[in-house]
Amino acid sequence: MPRGIARNHDEKREALRKGAAAYFARHGFDRASMNGAAREIGVSKALIYHYHDSKEALLFDILEAHLTDLVRVVEASAPKGLRALIAAILDSYEDADAEHKLQLESLSALPSDMQAPLLAAQRYLVEAMSVAIEAVKPGMDPERLRAATMTVYGILNWFYMWHRPGKGLSRQEYAELAADFVEGGLARL
């Protein structure tokens, strides 16, 4: 008789994702090992392999969960406008620095069949931001709209690199500054 799924299956899987994301982000996915991840998380390598059949499958699971959460946040906040979208994205990045770093630096390490759904999620996020920008600044040339969209993501995506919680602006204060900056910049275009 096959074993059933443990009651805390999802919690264990989430803990593995969080711990492995931190380890992969700190050491670089290419240099990281499943042995190192297991040591870092404080579990056996066999437990990791119970949930993921390879290092790539674990990275995919980390990125899929991260991007799925971002898509959910964007779907809920985009109808409220650009300011709400900026604040919601920045808020969703909190406690996801490692996952975010892996998205930016390691997605390309996955085979193309694993990359495809993740890239589709990224395209959705870019399109949602483009729509929000176009609502503020209608009629932009498509190339300028794409550049403006990627500029906004540049403002948001690198926050984790320099922000230290408890120092300087809070995440919410930075979201307001970023929204002011973006809206002011769009008005000048």
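The values are calculated or read from the model by the stated rules, or taken from the named source; none is laboratory data. Quick caveat, the model's predicted, so the values are computed rather than measured. Here the Cβ is made from the backbone with ideal geometry for all residues, glycine too, and neighbour counts use every protein chain on show. Just so you know, the surface numbers come from the protein's heavy atoms only, side chains and all, with ligands and any DNA or RNA stripped out. Shrake-Rupley method; radii C 1.70, N 1.55, O 1.52, S 1.80 Å.
For Met114, all conditions in the list (1) within 22 Å of Phe24 (Cα to Cα); (2) free of Cβ contacts under 8 Å to residues at least 40 places away in the same chain; (3) of a type outside the set (Gly, Ala, Ser) hold save one; what is the number of the exception?
(2)
Would you check if there is a residue in region 5-15 being open to solvent by 40 Å² or more (accessible area, probe 1.4 Å), touching a helix residue (DSSP H, G or I) at 6+ places or on another chain (Cβ under 8 Å) and in contact (Cβ under 8 Å) with a residue 60 or more places away in the chain?
Among the residues of region 5-15, not one is open to solvent by 40 Å² or more (accessible area, probe 1.4 Å), touching a helix residue (DSSP H, G or I) at 6+ places or on another chain (Cβ under 8 Å) and in contact (Cβ under 8 Å) with a residue 60 or more places away in the chain, which makes the answer no.
Just to check your reading of the model, which residue among Tyr153, Tyr174 is of a type in the set (Phe, Trp, Tyr), at pLDDT below 95 and either assigned to a helix (DSSP H, G or I) or under 22 Å from the mean Cα position of the chain (by Cα) (or both)?
Tyr174
Using beta carbons and a limit of 7 Å, which pairs, at least six apart or on different chains, have the first residue in region 49-72 and under 17 Å from Leu110 (Cα atoms) and in contact (Cβ under 8 Å) with a residue 12 or more places away in the chain and the second one open to solvent by less than 60 Å² (accessible area, probe 1.4 Å) and of a type in the set (Ser, Thr, Tyr)?
Short answer, once both residue conditions are applied: Leu59/Ser106.
So for region 125-142 (the condition being under 22 Å from Ala21 (Cα atoms) and within 16 Å of the chain's Cα centre (by Cα)), does at least one residue qualify?
yes
Given (1) free of Cβ contacts under 8 Å to residues at least 12 places away in the same chain; (2) under 26 Å from Ala98 (Cα atoms); (3) open to solvent by 80 Å² or more (accessible area, probe 1.4 Å), where does Glu176 come up short, assuming only one miss?
(1)
Just to be sure I understand, how many residues within region 123-144 are surrounded by fewer than 18 Cβ atoms within 10 Å (Cβ to Cβ) and part of a helix (DSSP H, G or I)?
Residues flagged as surrounded by fewer than 18 Cβ atoms within 10 Å (Cβ to Cβ) and part of a helix (DSSP H, G or I) within region 123-144 amount to 11.
Could you run through region 36-54 and say how many residues are over 14 Å from Ala22 (Cα atoms) and assigned to a helix (DSSP H, G or I)?
7
Taking the condition of being modelled with pLDDT of 95 or more, crowded, with 16+ Cβ neighbours inside 10 Å and either out of contact with any Ser or Thr (no Cβ under 8 Å at 6 or more places or on another chain) or acidic (Asp, Glu) (or both), how many residues in region 74-92 meet it?
Residues in region 74-92 being modelled with pLDDT of 95 or more, crowded, with 16+ Cβ neighbours inside 10 Å and either out of contact with any Ser or Thr (no Cβ under 8 Å at 6 or more places or on another chain) or acidic (Asp, Glu) (or both): 6 in total.
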